[in-house]
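Working notes, beginning with the structure itself.
The values are calculated or read from the model by the stated rules, or taken from the named source; none is laboratory data. From a predicted model like this one, the values you see are computed outputs, not experimental measurements. Quick reminder, even Gly has a Cβ in these numbers, built from the backbone with ideal geometry, and neighbours come from all protein chains shown. Protein only, heavy atoms only, side chains kept; ligands, DNA and RNA dropped before computing areas. Shrake-Rupley method; radii C 1.70, N 1.55, O 1.52, S 1.80 Å.
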Amino acid sequence: MDSKRHGAVDEELLRDESVVALPPERESLNGHKPIVMDPGQFHAASEKILAAINKVIDGKAEAAKLALTVLLAQGHLLVEDVPGVGKTLLAKTLARTIDCKVSRIQFTPDLLPSDVTGVSIYNQSSRQFEFRMGAVFANIVIGDEINRASAKTQSALLECMEEHQVTVDGHSYQLAEPFMVVATQNPIEMEGTYPLPEAQRDRFMARISMGYPDKLSEIDMLETHQAVSPLAKVTPVVTSADVAAMIAAVRQVYVSQSVKEYTVALGRATRDSARLRLGASPRSLLQLLRAAKATAALDGRDFVLPDDVISVAESVLAHRIILDRKAASSGDTPQSIIRAILAALPVNQDAGAERRGG
């Protein structure tokens, strides 16, 4: 597939602040408009969440921050790595820090789409069909080893992740807010796995790789994880209403015209790259900017800098692009190409500091 087939990106997408924000139907928490959390409370709440995660996941502070970034940007997270490095543990820990409904789906080859979304069952006493909700009806859904399920079951999550609703037998059911899917997967070379299609990967705001812990962290893990799992001690530190207020605060973060132009230039550079068959989609640029807004808020700013876009670009874009055969054979990776594009793209260091109406 040629990246030119994407066509030119409509720059109005990133000029219009209302497009960068979430659609109106998602701006409420179960029908109630959330209160915007003030900066002091936002900082305290985010520090509580990160501290709770870092007590369980040794030496992975960056992964913890990115997971929180995706939650506050109302995206979905894909955690990919070899077995045994803490992928599911990260997802469970994030979920337990929030006092909200959590469900876990173990993806297997025999898992059915109805196991995920729900199914209509005929009630003989009432002589009517009743909808039984599936595991996706929760605030945080942990999809463990998502690439072990068939493509048909994987696709059951497409509507849930994009539109925050489930359609069964012609009826649509809205999912509760906030809503986030945290999926884990093993590398596609592992036995018994099915690679996620491009459309499925594009639904995930960011992908991270856990990697092995450093030596000291691994020694600490052996000392502290022997008797009991530290996950058992994790208790909620914020409520779902707190998370909704934090998300509302992230939406208020200001994005200047120059930062939007920089984001568009980055997306166009991936499509124009001779080493890529498929560049970044318009959806990926919208999600990149949302992640940058959450990053700015976590750093204590109410405006986005180009550095915020750069800091999350690799995690947001690398899993969406497809290498050209020549680039793949020469040892290039999506991550290395994104880094090369960022290095070659001119950056205005003062961009983003100008204020609205200034």
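Open to solvent by 70 Å² or more (accessible area, probe 1.4 Å), in contact (Cβ under 8 Å) with a residue 60 or more places away in the chain and either part of a helix (DSSP H, G or I) or not assigned by TED's automatic domain parsing to the domain that holds VAL237 (or both) - does that describe any residue in region 93-100?
To start, the set of residues in region 93-100 that are open to solvent by 70 Å² or more (accessible area, probe 1.4 Å) comprises 96, 99.
Checking which are in contact (Cβ under 8 Å) with a residue 60 or more places away in the chain leaves us with 96, 99.
Checking which are either part of a helix (DSSP H, G or I) or not assigned by TED's automatic domain parsing to the domain that holds VAL237 (or both) leaves us with 96.
Within region 93-100, one or more residues are open to solvent by 70 Å² or more (accessible area, probe 1.4 Å), in contact (Cβ under 8 Å) with a residue 60 or more places away in the chain and either part of a helix (DSSP H, G or I) or not assigned by TED's automatic domain parsing to the domain that holds VAL237 (or both).
What residue, of LEU90, LEU78, is more than 21 Å from VAL237 (Cα to Cα) and buried (at least 18 other Cβ atoms within 10 Å of the Cβ)? Spell out the reasoning first.
Working: LEU90 fails: more than 21 Å from VAL237 (Cα to Cα).
It is LEU78.
Of these, SER240, SER209, SER258, which one is of a type in the set (Gly, Ala, Ser), in contact (Cβ under 8 Å) with a residue 12 or more places away in the chain, in contact with a Gly (Cβ under 7 Å, 6 or more places away or on another chain) and surrounded by 14 or more Cβ atoms within 10 Å (Cβ to Cβ)?
Working: SER240 fails: in contact with a Gly (Cβ under 7 Å, 6 or more places away or on another chain); SER209 fails: in contact with a Gly (Cβ under 7 Å, 6 or more places away or on another chain).
Only one candidate passes the filter, namely SER258.
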Looking at GLU218, is it of a type in the set (Asp, Glu), open to solvent by 10 Å² or more (accessible area, probe 1.4 Å) and in contact with a helix residue (DSSP H, G or I) (Cβ under 9 Å, 6 or more places away or on another chain)?
no
Considering only region 222-235, I want to know if a residue exists there that is outside any loop (DSSP other than H, G, I, E, B), within 19 Å of ILE105 (Cα to Cα) and assigned by TED's automatic domain parsing to the domain that holds ASP115.
yes
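Kindly check whether there is at least one residue in region 106-118 that is of a type outside the set (A, V, I, L, M), assigned to a loop (DSSP other than H, G, I, E, B), open to solvent by less than 60 Å² (accessible area, probe 1.4 Å) and farther than 21 Å from ALA318 by Cα. Working first, answer last.
Applying the first criterion (of a type outside the set (A, V, I, L, M)) to region 106-118 yields 106-110, 113-115, 117-118.
Retained after the next criterion (residues that are assigned to a loop (DSSP other than H, G, I, E, B)): 107-110.
Of the ones still in play, those that are also open to solvent by less than 60 Å² (accessible area, probe 1.4 Å) are 107-108.
Then drop every residue that is not farther than 21 Å from ALA318 by Cα, which leaves 107-108.
Among the residues of region 106-118, at least one is of a type outside the set (A, V, I, L, M), assigned to a loop (DSSP other than H, G, I, E, B), open to solvent by less than 60 Å² (accessible area, probe 1.4 Å) and farther than 21 Å from ALA318 by Cα, which makes the answer yes.
Out of ARG301, ARG271, ARG320, report the one residue that is touching a Ser or Thr at 6+ places or on another chain (Cβ under 7 Å), among the charged types (D, E, K, R), outside any helix (DSSP H, G or I) and buried (at least 16 other Cβ atoms within 10 Å of the Cβ). I'd like the intermediate steps shown before the answer.
Working: ARG301 fails: touching a Ser or Thr at 6+ places or on another chain (Cβ under 7 Å); ARG271 fails: outside any helix (DSSP H, G or I).
Result of the check over ARG301, ARG271, ARG320: ARG320.
Please find, among ASP202, ASP144, ASP169, the residue that is surrounded by fewer than 13 Cβ atoms within 10 Å (Cβ to Cβ) and either over 17 Å from the mean Cα position of the chain (by Cα) or not hydrophobic (A, V, I, L, M, F, W, C) (or both). Step through it out loud before you land on a result.
Details: ASP202 fails: surrounded by fewer than 13 Cβ atoms within 10 Å (Cβ to Cβ); ASP144 fails: surrounded by fewer than 13 Cβ atoms within 10 Å (Cβ to Cβ).
The conditions single out ASP169.
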Any residue at all in region 279-288 that's among the hydroxyl-bearing types (Ser, Thr, Tyr), at pLDDT 95 or above and closer than 24 Å to GLU177 by Cα?
no
Taking the residues in region 97-141 that are more than 17 Å from the chain's Cα centre (by Cα) and charged (D, E, K, R) as candidates, determine which candidate is nearest to ALA241 (Cα to Cα).
ASP99
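Do you know which residues across region 57-66 are assigned to a helix (DSSP H, G or I) and either open to solvent by 10 Å² or more (accessible area, probe 1.4 Å) or of a type outside the set (A, V, I, L, M) (or both)? First the steps, then the outcome.
In the first step, residues of region 57-66 are kept if they are assigned to a helix (DSSP H, G or I); the result is 61-66.
Across region 57-66, the qualifying residues are ALA61, GLU62, ALA63, LYS65, LEU66.
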Residue satisfying all of: in region 67-92; in a helix (DSSP H, G or I) and among the charged types (D, E, K, R); farthest from LYS215 (Cα to Cα) among these
LYS92
